[in-house]
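Notes follow the structure.
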Amino acid sequence: NRPIRIRIRIRAQTPNVNNDNDDFVLEDVPHLTNFLPDLPSYPNPLQNSKAYAIVRQTFVHPEDVVAQKVVVQKDSPRGVHFRRAGPRERVYFKSEEVRACIVTCGGLCPGINTVIREIVCGLNVMYGVDDILGIEGGYRGFYSKNTMSLTPKVVNDIHKRGGTFLRTSRGGHDTHKIVDNIQDRGINQVYIIGGDGTQKGAALISKEVEKRGLQVAVAGIPKTIDNDIAVIDKSFGFDTAVEEAQRAINAAHVEVESVENGVGIVKLMGRYSGFIAMHATLASRDVDCCLIPENPFYLEGPGGLFEFVEERLKENGHIVIVLAEGAGQEYVAQDLHQVDERDASGNRLLLDVGLWLSHKIKDHFTNFKKMAINMKYIDPTYMIRAIPSNASDNIYCTLLAHSAVHGAMAGYTGFTVGPVNSRHAYIPIARVTETQNIVKLTNRMWARLLASTNQPSFLNSDEGIPEKVDQEPIEVMNILNRFCGCPPYMV
Ligand code: ATP
Ligand code: MG
């Protein structure tokens, strides 16, 4: 499953560039001709389309690549690059021979329906493909459910609805049965929309297809509302989620402002990363404190959360706390003596940290401080997941879908699509599943948040966080835990 890494030495174009440091790494995606070398290619049908006359001028050159790093120092290596997404001059499928299918797996996220719609319309309008199947109910739908025929007419309005038109499920991934089914149905393009688990499944399907020597392109479209997919700039549905979260934060603020000693807690999505909580906090300006999984916090003692809540109540008469659902899970489990529970896909089920925190704060102020507080706990997560995507996500989903369609038609397989530094690229699936993006506490964005809320850092050291941890997400957590001289929670 390791991505293919090609290291190319290129000659420096300008005399000032140090020749020793111009290494260029292309993390390439597989192409059908890697294992089917005699496959014929055809002119891209877009060349004949009047509407796409302009595209004719802008076919992506097969050697165009996108740089992962845009900020570099003089003399630093050229670094990692990915193949640029977009229409190619030659394609590896005859339009009339394409039989495509689309499947959606994992949790809900705004924008799934837009991606489905745009794959169908993209295939049909740009490439004249009219044989597109919808696999119902996730991976197990390949072998246990019916399929539906998808046409531009059938999917015309679905982007206005939340959820997934094709329905979804967890568990039930059986690579052999799925590929048997792909073969039996004569499917030659598979579009798989889903999160990290789904993309791991897509990588296995693509390997099995390759092993069997089938002319089948497998394209993954990464979905995670948490925005924790590695490499790509942003995942679809994230903007919509941040926008919708404002309504919950605003409601909490209105509630706590209207009472004495109001404490509002809003729990947002973010299993392992706090991007939604961080961005919603930065966008709102009504939030006093943002708690995320990457930044362990503690309740009691100097610099703890209880002290901060008391300060803000004395100062403003109210406080709003936003927390990501994955924040402090280990400590909640310890405190509540809960055992690990898992869903059908093997993901750990999260404990309700928001409810736990609201009980802790209430208990502390009522029983210990003898101070009456008004607690308002809002959990809008399912409401946020269920809404349709907003305008910017709709455009983004369209670009993702079209990039996937162009990639599959051009014969690429085992790839996932997404913007890297604003340019859409084809990325080896393994590259986006091997690590997850987390909020880097040494990054400017978290510093901006701390400056905006003036909340405690929950670090017990004056030394700060070493800059080097910026590079290694896992190390961040280790070093942070070391820097907190006490257990992250002191309950
Ligand atoms: P999200 O976590 O954002 O809701 P996800 O895609 O990670 O989305 P999961 O329930 O973990 O959601 O997985 C979705 C599908 O992918 C399931 O059908 C599951 O069986 C399959 N899957 C999960 N992990 C793997 C894996 N390691 N290998 C193969 N298939 C997997
Ligand atoms: Mg997942």
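The values are calculated or read from the model by the stated rules, or taken from the named source; none is laboratory data. Treat the numbers as computed from the prediction; the structure is a model and nothing was measured. All Cβ positions, even for glycine, are placed from backbone atoms using ideal geometry, and neighbour counts span all protein chains on display. Calculation scope for accessible area: heavy atoms of the full protein, side chains included, ligands and nucleic acids excluded. Shrake-Rupley method; radii C 1.70, N 1.55, O 1.52, S 1.80 Å.
Quick one, what does Rg over Rh come out to for region 176-315 if you take C-alpha atoms and the Kirkwood Rh?
1.21
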Once both axes come from the Cα atoms, what is the angle between helix 238-257 and the longest principal axis of the chain, in degrees from 0 to 90, rounded to 10?
20 degrees
The value for region 26-137 (convex hull of the alpha-carbon atoms, volume per residue, Å³) is 181 Å³
Residue 161 versus residue 374, label points 7 Å from Cα toward the beta carbon: distance in nm?
4.0 nm
Kirkwood-Stokes translational diffusion coefficient of the chain, alpha-carbon pairs, 25 °C, 0.890 mPa s, µm²/s
101 µm²/s
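Taking 1 over the mean of 1/r across every pair of different Cα atoms in region 254-322, what Kirkwood radius in Å do you get? Before the final figure, lay out each step's value.
Details: mean 1/r = 0.0790 Å⁻¹.
Evaluated over region 254-322, this radius sits at 12.7 Å.
Can you give the charge dipole size of region 348-420 about its Cα centre, rounded to the nearest 20 debye, using +1 on the beta carbon of Lys and Arg and -1 on the beta carbon of Asp and Glu? Kindly include the intermediate steps, with their values, before the conclusion.
Working: 7 positive and 4 negative charges, 98 e Å.
So the magnitude is around 480 debye.
Tell me, what is the per residue accessible area of the chain in Å², probe radius 1.4 Å? Spell out each step's value before the answer.
Details: 21930 Å² over 491 residues.
Averaged over the residues of the chain, the accessible area is 45 Å².
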Under 14 Å from the Cβ of residue 418, count the other residues' Cβ atoms, weight Lys and Arg +1, Asp and Glu -1, and hand me the total.
+1
Only Lys, Arg, Asp and Glu count, each charged at its Cβ (+1, +1, -1, -1), so figure out the dipole size of the chain about its Cα centre, rounded to 20 debye.
1340 debye
Helical mean residue ellipticity (222 nm; -39500 (n - 2.57) per DSSP H run of 4+; nearest 500) of the chain:
-9500 deg cm²/dmol
Measure out, as a whole number of angstrom, how far apart the alpha-carbon centroids of region 133-192 and region 330-361 sit.
33 Å
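Of the heavy-atom accessible surface of region 108-175 (probe 1.4 angstrom), what whole percent is carbon and sulfur?
Numbers: 1150 of 2570 Å².
Exposed carbon and sulfur together represent 45 percent of the surface.
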Give me the angle, in degrees from 0 to 90, between the Cα long axis of helix 353-363 and the longest principal axis of the Cα atoms of the chain, rounded to the nearest 10.
10 degrees
Can you return the aspartates and glutamates within cross-link range of residue 223? Criterion is Cα-Cα under 16 Å, with same-chain partners fewer than 8 residues away left out.
118, 196, 233, 239, 393, 434
Could you give the distance between the Cα centres of region 438-460 and region 68-115, to the whole Å?
32 Å
I'd like to know which of 349, 361, 401 lies farthest towards the positive end of the charge dipole of the chain, counting +1 on Cβ of Lys and Arg and -1 on Cβ of Asp and Glu.
401
State which stretch of the chain is the longest one without any exposed GluC sites (Glu not before Pro), exposure meaning a DSSP loop state and at most 13 other Cβ atoms within 10 Å.
64-259
Rounded, prolate or oblate for region 142-195? Axes are the square roots of the Cα gyration tensor eigenvalues, ordered a ≥ b ≥ c, and the cut-off for rounded is a/c under 1.5.
oblate
Extreme residue, positive dipole direction of the chain, given options 339, 272, 188 (C-beta unit charges)
188
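I'd like the projected area of region 282-333, averaged over all directions, using the convex hull of its alpha carbons. Report it in nm² with one decimal.
4.1 nm²
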Mind checking the angle between helix 175-185 and the chain's longest principal axis? C-alpha axes, 0 to 90 degrees, to the nearest 10.
40 degrees
Using a 1.4 angstrom probe on heavy atoms only, work out the carbon and sulfur share of the accessible area of region 218-350 in %.
43 percent
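Above 24 Å lies some portion of the pair distances; for region 257-410, what is it as a whole percent of all C-alpha pairs?
Numbers: 5081 of 11781 pairs.
Tail of P(r) above 24 Å: 43 percent of Cα pairs.
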Here, trypsin sites (Lys or Arg not before Pro) of region 143-195 satisfying both criteria (DSSP loop; at most 16 other Cβ within 10 Å) are 145, 153, 161, 167
Count the net charge of all other residues whose Cβ sits under 15 Å from the Cβ of residue 332, scoring Lys and Arg as +1 and Asp and Glu as -1.
-4
Using the Cα centre as the reference, give the magnitude of the dipole from point charges on the C-beta atoms of region 188-324 (Lys, Arg: +1; Asp, Glu: -1; all else neutral), rounded to the nearest 20 debye.
920 debye
Between 219, 109, 168, whose Cα lies farthest towards the positive end of the dipole of the chain when Lys and Arg beta carbons carry +1 and Asp and Glu beta carbons carry -1, centred on the Cα centre?
219
